[in-house]
Amino acid sequence: MDLQGFFTENPEVAIAFSGGVDSAYLLYAAKKYALKCRAYYVKTVFQPEFELNDAKRLAKELDADMTVIESEVLDDRTVASNPENRCYFCKKVICSMIREKAASDGFKVLLDGTNASDRADDRPGMKALLELEVRSPLRECGLTKDEIRKLSKEAGLFTWDKPAYACLATRIPAGEPITKEKLRAIEIAEDYLFSKGYTDFRVRTVDGHARLEVPDDEWMRLAEERQEVYEALKGLFKTVSISLKSR
């Protein structure tokens, strides 16, 4: 089955929308082939502000309906405690909110942007998708990440080369409780590095200590600018160190 065939069988759909590469292309395809669709973005402290801005921009460019749902995801004690399978509990909270709102808007089918490159054993959140009966057309149609980027470029979507961006909670090790303050410090630090022209990096923290992970082609530059970077970030963390990003 291809996406046109999927939307012929499912002509009215709600989309769990993040503004990333996959859900962006899914929304594009839904606008092209479905009779009716609406994107739902859940705003939490786990997503930096630029993700919402990208989502709004894409929805506007596609002339797609989009609903923003506010969520205090850390009110869920299990999510805030940050267990190894936090993603499962977080995904259940978010997708349950979307399903409830989408149902009230008349949508019976909820989709997400999981693709054929995503391994189920690497993503605890997939269990939540199955339990909540969320469909993943990109995966069902066998579209890989590389194919989605290629198709997105052909479609003129600005998201086609957008770097993968895991939620801010992934910067905090499992077992260490998540707080708004920790997430905000990480977001400020990553925004600063983006403003300096760095792209492929992560700011990871352990008990208030930050580790800036960068690939080897950016490590030397960051090492040279370490004093400037330290001065900018020292008020956010107890210590700041640099390491090569693991692949």
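With all pairs of different C-alpha atoms in the average, the Kirkwood value for the hydrodynamic radius of the chain is 19.1 Å. With a cap of 16 neighbouring Cβ atoms within 10 Å, and only residues DSSP puts in a loop, list the GluC sites (Glu not before Pro) found in the range 42-112. In loop regions of the range 42-112 (DSSP not H, G, I, E or B), the sparsely surrounded GluC sites (Glu not before Pro) are GLU72, GLU84. Think of each Lys and Arg Cβ as +1 and each Asp and Glu Cβ as -1; about the Cα centre, that makes the dipole of the chain roughly 200 debye. How much of the DSSP bridge set in the range 3-161 is antiparallel, in percent, rounded to the nearest 5? Rounded to the nearest five, the antiparallel share is 0 percent. The Rg/Rh ratio of the range 45-89, with Rg taken over Cα atoms and Rh as the Kirkwood radius over Cα pairs, comes to 1.12. Helix 49-62 axis versus longest C-alpha principal axis of the chain: approximately 30°, rounded to the nearest ten. Two numbers describe the Cα atoms of the range 179-244: Rg and Dmax, which are 10.9, 32 Å.
Once C-alpha pairs closer than 8 Å and six or more residues apart are averaged by separation and normalised to the residue number of the chain, the relative contact order reads 18 percent.
Applying a threshold of 29 Å to the alpha-carbon distances of LYS56/LYS182; LYS32/LYS91; LYS162/LYS238 flags LYS162/LYS238 as lying beyond it.
Only the coordinates and a few stated rules stand behind these numbers; no lab work does. In this text the structure is predicted, and so the values were computed from the model without any measurement. No Cβ is skipped: glycine too gets one built from the backbone with ideal geometry, and neighbour counts run over all protein chains shown.
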